[in-house]
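The values are calculated or read from the model by the stated rules, or taken from the named source; none is laboratory data. Only a predicted model underlies this, so the values are computations on that prediction, with no experimental measurement involved. Cβ atoms come from the backbone with ideal geometry, glycine included; neighbour counts cover every protein chain shown. We work out accessible area using only protein heavy atoms, side chains counted, and drop any ligands, DNA or RNA first. Shrake-Rupley method; radii C 1.70, N 1.55, O 1.52, S 1.80 Å.
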Amino acid sequence: MKHFPLVVLLIVTIGWGFGSSLHAQKEKPEDFGIKSKKALKAFQNGNAQTKFRDYFAAINLYKEAVEIEPTFGEAWLQMGASYFALRQYAQSYAALEQARDHLHTPNSVVYYYLGESALFQDKFNEALENYDQFLERKQPVPKRYRDTALKNREKAKMGVEALRNAITFKPVNLGRNINTQFSEYLPYLTADGQTIFYTARRPGSTGGFNREYRDYTEDFFFSTMKDGEWGPSQNLGAPVNTEMNEGAASFSPDGQYVFFTACSRKDGYGNCDIYVSKLDGDKWLEPRNLGPIINTPDWESQPCISNDGRTLYFSSNRPGGLGGYDIWYSTLEKGRWTEPQNLGAPINTEGTEVAPFLHADGMTLYFSSDKHPGYGKLDLFISKNTGEGWTTPANLGYPLNSSAVEGNIYITSDGTRGFINSSRDDPNGKSDIYMFELDERIRPNFTTYVRGVVTDVKTGDPLYARVTFINIETRDTIRSVRTNKSSGKFLLTLPMDQDYAAYVDRPGYLFASRFFSLKNINSEETPYYDVDITLDPLQVGIEVVMSAIFYETDKYDLLDRSKTELENLVQFMKQNSAVRIEIGGHTDDVGSDAYNLKLSQNRAGEVRKYLISRGISSARIDAKGYGETQPVTSETSEEGRARNRRTVCRIVGT
């Protein structure tokens with residue numbers, strides 16, 4: 001929440017009915033209802049220290065004054081104001097209570113700051129009582145105080161109600177390998193939760209200590225999980241990190257792409273722009289400005305890339321919005337970002353909406369706002385896309401939201417855990433990163449992830465390949481990623497309740513095929529899939545089981561959902577024009593040998609017909625039925641028989 005760093009100086013110099021004269025040399029003990037000149041001198045010296053904003057020294061002097069004169073109301077008041085300026089609200093509230101009790105004519109400002117100090121401790125009932133006392137008094141006060149009291153009274157009132165319906169929130173500090181005495185914030189994780197990226201201002205940053213800002217420059221750091229613990233953090237390094245500020249990053253689920261904010265760069269279009277960089281093996285490529293479609297002379301920041309990589313959300317104060325800062329989005333079409341659109345109501349308001357985070361389910365949006373009903377300067381909210389629009393944003397609830405600033409959130413792909421940064425435990429306002437179990441009332445939809453590695457079947461070397469998951473029913477490409485050039489690893493998230501055909505392909509190799517069903521999945525039993533895939537270099541004799549080709553039971557008619565797999569085979573044949581294949585049909589052992597042989601031949605023939613209809617030369621395709629003569633397992637269970645029922649593509653010529 002925004003506070004008032006000059007509050008003590010204002011109280012001292014304005015006087016505002018506190019009995020504190022502007023001319024300290026004319027003050028006498030009796031002016032304050034005390035007897036001790038020594039106490040008065042300590043009080044005056046304390047006031048002098050506040051003019052230099054040395055509040056710690058001032059507090060010690062005020063303490064000296066009240067030790068001599070315990071009923072010295074003005075000294076208690078200035079002590080409370082000094083604690084308030086230091087954001088030590090519990091101490092501020094205690095001192096201000098003493099001021100209220102010992103001042104001969106308590107000014108309404110005492111109740112104002114009692115209300116503020118209570119609110120910033122989430123003591124909503126006490127805050128409400130003191131705001132009411134302040135507003136009921138008829139003493140003239142600057143308008144900004146009354147306006148703030150009216151606004152914060154509503155926050156306190158909402159907080160009182162929130163206390164009755166508090167959510168479960170038990171944040172756990174991520175520990176010293178992540179957090180330091182300096183500021184760490186804006187966490188973002190890979191889909192498997194094994195790597196965390198975050199922004200920090202601390203020693204070790206590329207730009208070092210910036211004297212102009214009196215702080216370290218912003219850099220990205222990361223840490224990987226090992227044996228259930230976060231390992232030592234590392235600077236992400238050049239060229240992403242520079243001597244300037246970099247922050248507010250959004251990483252793709254596999255950590256291979258980063259969209260981030262950088263300010264004051266030579267190739268920028270405004271003060272702060274959005275950039276993208278790709279991990280090429282184990283090195284980041286030179287970041288690229290997303291260009292004048294996304295970036296303008298105004299402020300663009302806090303990007304969030306959707307898990308399919310097709311939609312970019314960000315915050316901006318560009319013209320055309322509903323308020324000062326709104327959430328905007330752009331979609332990727334034919335390799336280019338479209339003109340950004342304002343997300344509109346009910347998400348955006350005439351206030352400030354920032355820090356968008358779209359969960360891996362593609363439907364649940366989290367963001368921060370100072371206009372939707374909340375308890376602090378910025379609260380976190382949730383809204384879901386129904387297909388016909390966004391639902392009215394709901395406050396994530398107390399104590400996740402508090403009177404402090406809740407500026408951003410990251411939710412794991414399974415929707416069970418959240419990560420935030422907060423300064424609530426640091427009196428100096430330095431931020432740490434916390435993890436917590438997410439209350440079921442504010443969870444997104446469960447989403448799983450698939451991770452694996454692609455290697456050469458003969459050498460075991462990692463391969464740079466494309467991995468694509470297609471919805472079998474709609475034939476839409478849901479996810480398409482490239483493996484890491486150095487490790488061959490891939491990682492992606494998938495929406496639930498769908499059947500997928502997975503393809504892995506690389507020039508010079510036979511493609512691999514997998515069938516995935518994520519329908520009726522128990523999230524606790526199957527939180528994710530590990531898949532290791534080997535590819536065969538193109539040569540005569542290698543084969544692949546086409547796991548997503550389906551037929552009517554005991555028939556050879558191809559089901560429509562087979563077209564996804566078939567189209568992949570069509571593309572393979574077109575890209576490898578010298579290849580000849582055999583489509584082999586196989587059945588289980590149910591039925592006679594003759595029946596199964598004929599059925600398998602007809603099924604292989606149907607696949608051949610489809611390929612010919614799609615422009616593949618008939619001379620390049622053989623079809624042969626093997627019936628039940630080549631089982632892959634002797635199991636007679638339904639699962640075993642299902643494995644034996646298969647369609648195989650084998651290379652017979654190159």
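Of note:
- Any hit, the range 391-398, residues being within 16 Å of the chain's Cα centre (by Cα) and crowded, with 17+ Cβ neighbours inside 10 Å: yes
Okay, residues lined up against (1) over 45 Å from the mean Cα position of the chain (by Cα); (2) of a type outside the set (D, E, K, R); (3) open to solvent by less than 60 Å² (accessible area, probe 1.4 Å); (4) more than 14 Å from Y551 (Cβ to Cβ):
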position: L599; (1), (2), (3), (4): yes, yes, yes, no
position: V607; (1), (2), (3), (4): no, yes, yes, no
position: G615; (1), (2), (3), (4): yes, yes, no, yes
position: R620; (1), (2), (3), (4): yes, no, yes, yes
position: Y626; (1), (2), (3), (4): yes, yes, yes, yes
position: I651; (1), (2), (3), (4): yes, yes, yes, yes
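- Residues considered: K170, K157. Of these, the only one that is more than 20 Å from the chain's Cα centre (by Cα), basic (K, R) and more than 24 Å from F259 (Cβ to Cβ) is K157.
Yes or no, residue by residue, for (1) at pLDDT below 95; (2) of a type in the set (G, A, S):
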| position | (1), (2) |
| --- | --- |
| A162 | yes, yes |
| A166 | yes, yes |
| L189 | no, no |
| D192 | yes, no |
| R201 | yes, no |
| T206 | yes, no |
| R211 | yes, no |
| R214 | yes, no |
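- Flag if S402 is out of contact with any Leu (no Cβ under 6 Å at 6 or more places or on another chain), in a loop (DSSP other than H, G, I, E, B) and closer than 26 Å to S223 by Cβ: no
- The residues in the range 379-390 that are on the phi < 0 side of the Ramachandran plot and surrounded by fewer than 23 Cβ atoms within 10 Å (Cβ to Cβ) can be counted, and the count is 7.
- Selection within the range 586-629 - part of a helix (DSSP H, G or I) and small (G, A, S): A594, S600, A604, G605, S613, S618, A619
- Flag for N289 being open to solvent by 40 Å² or more (accessible area, probe 1.4 Å), among the polar types (S, T, N, Q) and over 19 Å from the mean Cα position of the chain (by Cα): no
- Inside the range 263-276, residues that are closer than 28 Å to F490 by Cβ and crowded, with 22+ Cβ neighbours inside 10 Å make up a count of 2.
- Residue list for the range 325-363, restricted to those being open to solvent by less than 30 Å² (accessible area, probe 1.4 Å), among the polar types (S, T, N, Q) and under 24 Å from N289 (Cβ atoms): S330
- Inspection of the range 364-378 finds a residue satisfying the criterion of being surrounded by fewer than 23 Cβ atoms within 10 Å (Cβ to Cβ), under 13 Å from the mean Cα position of the chain (by Cα) and not charged (D, E, K, R).
- Filter pass, F381 being of a type in the set (A, V, I, L, M, F, W, C), closer than 21 Å to E229 by Cβ and in contact with a strand residue (DSSP E or B) (Cβ under 7 Å, 6 or more places away or on another chain): no
- Any chance N576 is in contact (Cβ under 8 Å) with a residue 12 or more places away in the chain and under 24 Å from F469 (Cα atoms): yes
- Checking the stated criteria, S301 turns out not to satisfy the condition of being part of a strand (DSSP E or B), under 25 Å from P495 (Cα atoms) and either touching a residue at least 24 places away in the same chain (Cβ under 8 Å) or not hydroxyl-bearing (S, T, Y) (or both).
- Only a single item in (1) among the polar types (S, T, N, Q); (2) more than 18 Å from K563 (Cα to Cα); (3) assigned to a strand (DSSP E or B) is not met by T468, and it is number (2).
- When each of R53, R87 is tested for being at pLDDT below 95, basic (K, R), over 22 Å from F124 (Cα atoms) and open to solvent by 60 Å² or more (accessible area, probe 1.4 Å), the lone residue that passes is R53.
- The set of residues in the range 264-291 that are touching a residue at least 24 places away in the same chain (Cβ under 8 Å), out of contact with any strand residue (DSSP E or B) (no Cβ under 8 Å at 6 or more places or on another chain) and not in a loop (DSSP other than H, G, I, E, B) contains only D280.
- Boolean, A58 is more than 16 Å from Y112 (Cβ to Cβ) and modelled with pLDDT of 95 or more: yes
- Among all residues of the range 93-100, there is at least one that is among the acidic types (D, E), under 47 Å from the mean Cα position of the chain (by Cα) and in a helix (DSSP H, G or I).
- Scanning the range 192-219 for residues that are within 18 Å of the chain's Cα centre (by Cα), among the polar types (S, T, N, Q) and within 21 Å of Q302 (Cβ to Cβ) gives T195, T199.
- Filter pass, V632 being open to solvent by 30 Å² or more (accessible area, probe 1.4 Å) and in a loop (DSSP other than H, G, I, E, B): yes
- Any hit, the range 381-392, residues being under 28 Å from D192 (Cα atoms), out of contact with any helix residue (DSSP H, G or I) (no Cβ under 8 Å at 6 or more places or on another chain), of a type in the set (A, V, I, L, M) and modelled with pLDDT of 90 or more: no
- Residues of the range 478-535 satisfying the condition of being closer than 23 Å to R646 by Cβ, part of a strand (DSSP E or B), open to solvent by 50 Å² or more (accessible area, probe 1.4 Å) and not aromatic (F, W, Y): R514, D530, D532, T534
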